[in-house]
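Below is one structure; the comments refer to it alone.
The values are calculated or read from the model by the stated rules, or taken from the named source; none is laboratory data. Just so you know, these numbers come straight off a predicted model, no measurement behind them. Every residue, glycine as well, gets a Cβ built from its backbone with ideal geometry; the counts of neighbours run over all protein chains shown. Heavy atoms of the whole protein, side chains included, go into the accessibility calculation; ligands, DNA and RNA do not. Shrake-Rupley method; radii C 1.70, N 1.55, O 1.52, S 1.80 Å.
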Amino acid sequence: MRQGRRLDDQLEFGISDYALAGRAEWLDRLLHDPVVTRTIADLAAETGQPESALRQRASRDAREIVPFFNAVFYFRIGYWLARWYLRMLYWIRAEFTDRVALGDIGRDSCVVLVSNHRSNLDPFILIYLASRRAAISYSAGEWARPWPFSYLLHAIGFYIVRRDGSGDRLYRTLVQRYVYLAASRCVPQGLFLEGGLSRDGKMQPLKLGLLSYLLKARGQEQCRDIVFVPVGLAYDRIPEDKTLLAHRDEGFRRKGKWYAMLAFLRFMVQVMPRMIGLTRPYGKVVAHFGAPLSLAGWERASGISLADGNPERRRAGINRLGETLRTAIEQLIPILPTCLLAAVLLEARSVSIGEMQLKQRAMALAETLRGAGALVMLSPGREEREFAEAIYLLLKRRVIELRADGCLSVTDRGRPLLVYYCNSIPGSMVPGEIK
């Protein structure tokens, strides 16, 4: 606890007392929450099940959901492990629209990072980048349920949510009330509004269940306001890109936890050479932090009250807020060299193109996108080198090939990947020939 207090003084947003509480206290608060106890009583009356059996099931599910935040592990051991691991995989960079505004967020506000969802690495990259400011709590899915994943993720503040639990009224209530209890005590939250990974490179349709739970915390306990910090994430290469494309149509809903575990193990085998320094990193990953958006300020500006007791009006208001946050995120997504090259190569269609011509067209596209307000990640004076590095990555993956005449052309297997990375450019900015 003494170590936690010392960290509380060092961090910009501090650490909530609730985050520093022992896990037993978290579980006690959740299991004795009035909404949870009322749900157990109602289910017992409706189904005839004994309340003791329902309480036992609630206790088991709560232990799976609720983390046991360990400040020393998070900020000391976890931070340095993440620093080593992520930097072996990527050159990581953070950009900020308004650092001063981020520093002005009060401790009586619940900070919520909202971003696009490109990779399973997203929460770890954002936690790592935010770790000098606050401890962020994210949700994890089925893949995190088996030991040791559950233990490690619980230790750094992840709460685990089963995808198949949404139809279980008691389980849904436990998740809803855990999110409410954490947010009402200003435990910083991380949220992916899409609810799942992008399988085509674009932002997916919004799923706002967790957002709806979180919004109920405003004005309760220590939480005077909820402040959203939109973040745009972009990768030169996403480790799971081929898997995501392979499941573009049917998704992962019918896949169980064992599939998730095997996918995770395949991922670890894939990245192992980079972790021990045998191969080059995947490229850049950039997180672009936008200006904070106060929920109270948004309600005043939009004329919408999310405290409205009418369910239909509240649902419409939450949808409107979700779209506002989605737009903010899309405008923040950085444009990396790989995306620029993908757009130019697709524009050329089946025609081969010389390397110098490819770089020139990509540079011209970069200037067009900058003029439209996009954050283009090209370092002044190093553009040609950065394009050369991105071309090398595409050649190595056989997305493009070098022809006998010295020109570059897109391979059949590479075209879907180019479309995937080109799709990360906001739709309004994509050249007309590619749409």
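Calculate, for the stretch 297-386, the solvent-accessible area per residue in square angstrom, rolling a 1.4 angstrom probe over the heavy atoms of the protein chains. Show your work: numbers first, answer last.
Details: 4420 Å² over 90 residues.
Spelled out: the 1.4 Å probe surface of the stretch 297-386, per residue, equals 49 Å².
Let me make sure I get this right: for the stretch 334-402, a, b and c are the square roots of the gyration tensor eigenvalues over alpha carbons, sorted descending. Under 1.5 in a/c it's rounded, otherwise prolate if a/b > b/c, else oblate. Which is it?
The shape class here is prolate.
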>> Among the listed pairs 216/242; 207/359; 207/284, which have their C-alpha atoms separated by more than 30 angstrom in this model?
In response: 216/242; 207/359
> Excluding residue 302 itself, what net charge comes from residues whose Cβ is under 13 Å from its Cβ, given Lys and Arg +1 and Asp and Glu -1?
Replying inline: 0
> For residue 96, which sequence-distant residues (separation of 5 or more, or a different chain) have an amide H within less than 5 Å of its own amide H, given hydrogens modelled in the peptide plane?
Replying inline: 289
> Can you give the accessible area per residue of the stretch 35-137, in Å², using a 1.4 Å probe?
Replying inline: 45
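What is the stretch 138-191 by shape, rounded, prolate or oblate, if you read a ≥ b ≥ c off the alpha carbon gyration tensor as root eigenvalues and call it rounded for a/c under 1.5, prolate for a/b larger than b/c, and oblate otherwise?
Judged from the Cα gyration tensor, the stretch 138-191 comes out oblate (a/c at least 1.5, b/c at or above a/b).
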> What is the stretch 88-185 by shape, rounded, prolate or oblate, if you read a ≥ b ≥ c off the alpha carbon gyration tensor as root eigenvalues and call it rounded for a/c under 1.5, prolate for a/b larger than b/c, and oblate otherwise?
Replying inline: oblate
